[in-house]
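A.B. asks: Below is a structure I'd like to ask you about.
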Amino acid sequence: MKTILSRPVYGTLSPQAGKSHLLIADAEGASAILDLAKKAPEDFFAHAHIMFIPGRTGDSFQASLKALKPAQYYEGPSVAAALPRLNWTLANAHMGLRMYLAGTEGLIGQMMQAAIEAGIDPASIQTEHRGSWARRIQCVHCKGITENVTTQPATCSHCGLLLLVRDHYSKRHAAFQGVCINAEDPTEIPQTEEIFR
Amino acid sequence: MGINFRKETFRDDFTFRNSPENIRRFPFPYHEDAYMYSVNIEPHVPGPKNSVFEHLVDVDEHYVSEMQDRAMVLAEDPLRCQSLPHMTLAGWDLLELLMTEKAASYPEHFSLTREGDRWHWINRPLGIDDTFTFGDVSTLPYGPMEYITRQSQGDFAILDQRDNNLWMDAGMITTQADWSLDFDIGMNFFEWHAPVPLAHEMGVFTRALKFLTNIQQGKPARRLNWTMTINPRLDTSPENFHKWGSDRLTVTPENVGEKVHLRVELQSFWRLPRSNALVFPIRCYLLKMDELVTVPKWARRFHRVLRDLPVELAEYKGLTRYRQTTVEWLSKYDDGAPTSPGFSPD
Amino acid sequence: MSAGTNKLNVTVTEVVAVNELVKRFHFERTDGGNLPTFSGGAHVVVEMRDGDITRLNPYSLMSSPLSTRDYTISVRRDDVGRGGSLFMHNRVKRGMEMVISYPVNLFSLDLRARKHLMIAGGIGITPFLAQTAQLASYGGNFELHYTCRSEALGSYTEVLRERYGNRVNLYYDEHNERIPLERLLATQPLGTHIYVCGPAGMIKWVRDTAGAHGWPDDSVHYEHFAAPQPGTPFDVKLAVSGLEIRVGEQQSLLEAIEAAGVDPPYLCRGGVCGQCETNVISYDGTFKHNDHWLSDEEHCSGKKIMPCVSRFEGRSLVLER
């Protein structure tokens with residue numbers, strides 16, 4: 001797929017040199033942590049904190065994640081619910097902390113947003129995409145964020161404008177940009193296609 | 001003497017006009033009868049009298065009205081002016097640059113007196129007379145960047161330089177062409193230029209970044225860019241695209257002269273001394289087609305440039321819907337006579 | 001458009017012996033008025049006219065960026081170098097007129113940092129004198145760790161202690177004191193940036209240790225101007241200008257190119273800024289690379305050289321200049 005330079009590029013998690021490790025995943029992202037564990041040095045998880053949001057995967061990953069014996073393990077229902085714990089953890093962390101984010105673009109983006117806000121250098125963060133490609137978009141007109149967008153174009157859930165979902169991505173907003181697709185002639189209504197799955 | 005500031009609007013009834021003298025100082029951007037994309041950077045040094053390059057920071061007859069339009073944009077949408085927390089020092093740098101340049105170039109309109117940190121700034125056209133402590137934000141009604149750019153024509157992007165890249169970490173952007181400061185703030189040079197087609201593959205931005213990161217204090221540079229706008233609207237932001245996008249459908253053979261504008265951006269690039277950041281002032285000049293054809297050489301040349309512009313470029317600049325109508329209108333002013341080389345009117 | 005800087009005409013207003021190895025020089029504008037504002041970490045290139053030879057050496061500005069009445073630099077005497085520091089020590093006197101470049105900053109503070117951790121060795125203290133003054137002026141969070149050979153040779157230790165109290169930590173080799181680097185690296189809050197200036201070995205030690213502790217490269221800043229080394233004279237052909245030149249024993253390749261009337265751009269003359277990077281067209285011999293700009297692969301490729309600090313030994317060298 002042709003892409004642009006602001007579009008995030010996701011890699012494969014691998015253990016990094018560091019004093020402590022914070023691993024955060026949602027749904028199928030858990031399997032990226034399990035894959036990383038196969039390559040990790042023996043004492044890696046003794047200095048690790050895992051935060052997991054199971055979502056649609058239910059209880060299929062908990063047992064294997066706990067079996068890694070991380071120093072701390074957390075499970076929560078949503079990104080919003082996990083953020084206070086993440087923010088407290090980062091406020092008390094030291095340089096030498098490495099972060100690993102795995103799962104949907106929404107999770108990766110929002111956790112990275114909180115981490116950068118806390119002063120972490122983005123170079124300390126590894127990411128790996130697993131699961132859904134649904135997008136978070138910011139409407140450039142009303143500034144509202146619409147979650148889980150799967151279509152092109154998409155309707156802004158706040159102001160109702162029909163938006164072209166661009167590949168242009170802001171780490172600060174953890175969102176793609178949506179721009180009115182028929183501003184020149186509002187009577188033109190393009191076909192809607194389901195493309196972000 | 002001094003400048004005779006016009007009272008005019010850039011929205012609603014669109015009373016913006018250029019005086020005959022101002023038409024002749026318009027920075028016409030084509031030195032030949034065709035336009036080719038190029039980086040075209042040159043040293044930003046003072047140019048000929050009665051040109052927009054006469055002073056390094058140009059103030060013209062639209063100053064007061066442009067500042068009123070900016071105040072209206074900010075009242076509607078304060079997110080057009082943002083500065084990340086580490087950029088305050090760069091804001092003071094910019095305040096110093098603009099105040100010292102304006103006071104030196106236009107002493108009849110601006111004055112700056114400094115006694116140590118105690119600064120006294122007088123802006124007569126806008127009726128401002130403030131005394132403040134340089135470096136102390138509590139002594140100004142706005143942050144330093146917002147304070148001075150509410151008094152300076154053109155958009156301003158301030159770039160932090162680190163890790164061999166430039167980061168769009170502050171700006172005053174109310175007259176932009178198709179990019180959103182609120183969305184792009186915090187991005188690096190490649191990220192915020194990501195939507196520009198083709199240029200990345202050509203290595204344009206890699207070369208431009210290398211050039212820009214080496215700009216040194218006291219040696220600013222500049223380039224011209226251009227597009228077109230329907231109605232003399234300064235605020236052609238993506239934020240309001242759904243409100244002004246339909247203007248492009250209103251062009252008819254009868255109203256081209258009044259409605260269609262050539263829009264030239266004079267971009268300059270400066271190293272800021274305390275913060276080691278860079279500032280890019282992006283100054284916008286508008287010229288109506290009716291005004292453009294008062295200079296026969298420009299009329300002939302712009303007709304040829306617009307007629308022969310590659311389709312992709314016309315599409316990227318958003319000209320497609322009214323290009324043909326405009327070319328036909330301009331053809332009446334092109335007798336096919338040769339034009340002299342260079343930018344200036346004959 | 002070529003890169004480079006404007007020049008400033010200055011007068012030496014004071015020369016102070018700081019200790020047995022270091023002298024401090026004060027410059028003011030010869031035409032009166034203030035010097036350009038600068039940021040902590042900036043350097044100027046000082047032109048030294050010594051008979052037929054012109055030496056151009058970079059020195060960090062150490063005065064407070066808040067005051068631009070004068071600039072100050074400190075120069076450590078190097079008895080075995082190519083003579084730049086000896087010229088400064090022995091020939092530059094109060095009242096002398098000199099030419100320096102506008103300030104250039106290749107060692108800038110990262111203003112996003114929640115905390116600035118500074119590590120200095122010997123004369124590497126100079127950029128930190130300016131940076132600490134800048135940070136202190138608006139309550140910036142910093143901590144300085146400064147290691148010197150002996151109390152007698154520790155430049156500005158007292159003034160730093162006086163200004164910043166226990167934010168300044170001193171370590172003397174003569175007392176077998178060493179910076180507790182591992183402990184320091186393990187206890188810094190998120191968003192700390194580390195800055196190091198000193199001997200090459202110290203910079204490597206700090207960078208390697210920080211990397212092993214999980215600090216990302218972007219949060220480790222260092223400045224080390226290499227000094228051009230004297231060496232065996234060699235001949236060079238400049239293909240673009242059609243000149244053949246000889247690089248003398250005490251001359252750098254860049255100086256020899258300039259002496260022939262060709263002016264490549266430069267900012268640092270210390271192998272850091274990358275401006276004078278020059279393509280090699282052909283060669284028969286061995287490069288003596290001494291810069292921090294080219295990568296290891298580029299050093300081995302035989303395709304590029306940084307003429308400000310690197311030399312050549314062998315039969316022939318043709319450069320694209």
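Read-outs throughout are calculated quantities, based only on the coordinates presented, and are distinct from any laboratory measurement. Nothing here was measured: the structure is a model prediction, and the numbers come from that model. Cβ coordinates were reconstructed from backbone atoms using ideal geometry, including for glycine residues, and neighbour counts include every protein chain displayed.
A.B. asks: Quick test for you: out of C:P307, C:P216, C:P233, C:P265, pick the one residue that is in contact with an Asp or Glu (Cβ under 8 Å, 6 or more places away or on another chain) and farther than 30 Å from A:Q126 by Cα.
C.D. replies: C:P233
A.B. asks: Moving on. Filter the stretch A:167-180 down to residues that are surrounded by fewer than 20 Cβ atoms within 10 Å (Cβ to Cβ) and either more than 8 Å from chain B (Cβ to nearest Cβ) or part of a loop (DSSP other than H, G, I, E, B) (or both), then give me how many there are.
C.D. replies: Counting residues in the stretch A:167-180 that are surrounded by fewer than 20 Cβ atoms within 10 Å (Cβ to Cβ) and either more than 8 Å from chain B (Cβ to nearest Cβ) or part of a loop (DSSP other than H, G, I, E, B) (or both) gives 2.
A.B. asks: Scan the stretch A:147-166 for residues that are away from chain B (no Cβ under 12 Å), crowded, with 20+ Cβ neighbours inside 10 Å and of a type outside the set (A, V, I, L, M) and jot them down.
C.D. replies: The answer is A:P153, and nothing else.
A.B. asks: Select from the stretch B:39-74 the residues that are part of a helix (DSSP H, G or I) and free of Cβ contacts under 8 Å to residues at least 24 places away in the same chain and list them in ascending order.
C.D. replies: B:Q68 - this is the single residue of the stretch B:39-74 that is part of a helix (DSSP H, G or I) and free of Cβ contacts under 8 Å to residues at least 24 places away in the same chain.
A.B. asks: OK, next. Only residues that are outside any helix (DSSP H, G or I), crowded, with 20+ Cβ neighbours inside 10 Å and not small (G, A, S): list them for the stretch A:55-110, please.
C.D. replies: A:F61, A:P70, A:M95, A:L97, A:R98, A:M99, A:Y100, A:L101, A:T104, listed by residue number.
Conditions tested, residue by residue: (1) out of contact with any Lys or Arg (no Cβ under 8 Å at 6 or more places or on another chain); (2) within 14 Å of chain A (Cβ to nearest Cβ); (3) among the small types (G, A, S); (4) farther than 30 Å from A:E117 by Cβ.
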residue	(1), (2), (3), (4)
C:T132	no, no, no, no
C:A136	no, no, yes, no
C:N166	yes, no, no, yes
C:Y172	no, no, no, yes
C:R178	yes, no, no, yes
C:Q188	no, yes, no, no
C:Y222	no, no, no, no
C:A227	no, no, yes, yes
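A.B. asks: Within the stretch B:85-120, can you find the residues that are part of a loop (DSSP other than H, G, I, E, B) and surrounded by fewer than 19 Cβ atoms within 10 Å (Cβ to Cβ)?
C.D. replies: B:P107, B:E108, B:H109, B:G116, B:D117
A.B. asks: So which helices (runs of 4 or more DSSP H) are wholly in the stretch C:90-197 and hold at least 2 residues that are touching a Ser or Thr at 6+ places or on another chain (Cβ under 6 Å) and under 30 Å from C:T5 (Cα atoms)? Working first, answer last.
C.D. replies: Numbers: elements: C:126-137, C:157-164, C:181-186.
Correct list: C:126-137.
A.B. asks: Of everything in the stretch C:303-320, what is within 30 Å of B:D163 (Cβ to Cβ) and either of a type in the set (S, T, N, Q) or within 26 Å of the chain's Cα centre (by Cα) (or both)? Give them in sequence order.
C.D. replies: Across the stretch C:303-320, the qualifying residues are C:K303, C:K304, C:I305, C:M306, C:P307, C:C308, C:V309, C:S310.
A.B. asks: Would you call B:P141 in a loop (DSSP other than H, G, I, E, B) and within 26 Å of B:L287 (Cα to Cα)?
C.D. replies: no
A.B. asks: Having 3 or more residues that are on the phi > 0 side of the Ramachandran plot, surrounded by 22 or more Cβ atoms within 10 Å (Cβ to Cβ) and in contact with a helix residue (DSSP H, G or I) (Cβ under 6 Å, 6 or more places away or on another chain) is the bar; report the strands (runs of 3 or more DSSP E) wholly within the stretch B:155-249 that clear it.
C.D. replies: No strands (runs of 3 or more DSSP E) qualify here.
A.B. asks: Taking C:N6 as the residue in question, decide whether it is touching a residue at least 60 places away in the same chain (Cβ under 8 Å), loosely packed, with under 14 Cβ neighbours inside 10 Å, out of contact with any His (no Cβ under 6 Å at 6 or more places or on another chain) and within 14 Å of chain B (Cβ to nearest Cβ).
C.D. replies: So C:N6 fits the description; yes.
A.B. asks: Could you tell me whether the stretch B:266-285 includes any residue that is part of a helix (DSSP H, G or I), more than 14 Å from chain A (Cβ to nearest Cβ) and surrounded by fewer than 21 Cβ atoms within 10 Å (Cβ to Cβ)?
C.D. replies: no
A.B. asks: Just the residues that are away from chain B (no Cβ under 14 Å) and among the charged types (D, E, K, R), please, taken from the stretch C:71-127.
C.D. replies: C:R76, C:R77, C:D78, C:D79, C:R82, C:R91, C:K93, C:R94, C:E97
A.B. asks: Looking at B:H55 and the list (1) under 16 Å from the mean Cα position of the chain (by Cα); (2) within 29 Å of B:P144 (Cα to Cα); (3) crowded, with 19+ Cβ neighbours inside 10 Å, which single condition is not satisfied?
C.D. replies: Of (1) under 16 Å from the mean Cα position of the chain (by Cα); (2) within 29 Å of B:P144 (Cα to Cα); (3) crowded, with 19+ Cβ neighbours inside 10 Å, only one is false for B:H55: (3).
A.B. asks: Now for a different question. In the stretch B:74-105, which residues are within 15 Å of B:W167 (Cα to Cα) and more than 14 Å from chain C (Cβ to nearest Cβ)?
C.D. replies: Of everything in the stretch B:74-105, just one residue is within 15 Å of B:W167 (Cα to Cα) and more than 14 Å from chain C (Cβ to nearest Cβ), namely B:Q82.
A.B. asks: From C:G124, C:G95, C:G81, grab the single residue that is crowded, with 16+ Cβ neighbours inside 10 Å and either more than 25 Å from C:P199 (Cβ to Cβ) or touching a Gly at 6+ places or on another chain (Cβ under 6 Å) (or both).
C.D. replies: That would be C:G124, the only listed residue that is crowded, with 16+ Cβ neighbours inside 10 Å and either more than 25 Å from C:P199 (Cβ to Cβ) or touching a Gly at 6+ places or on another chain (Cβ under 6 Å) (or both).
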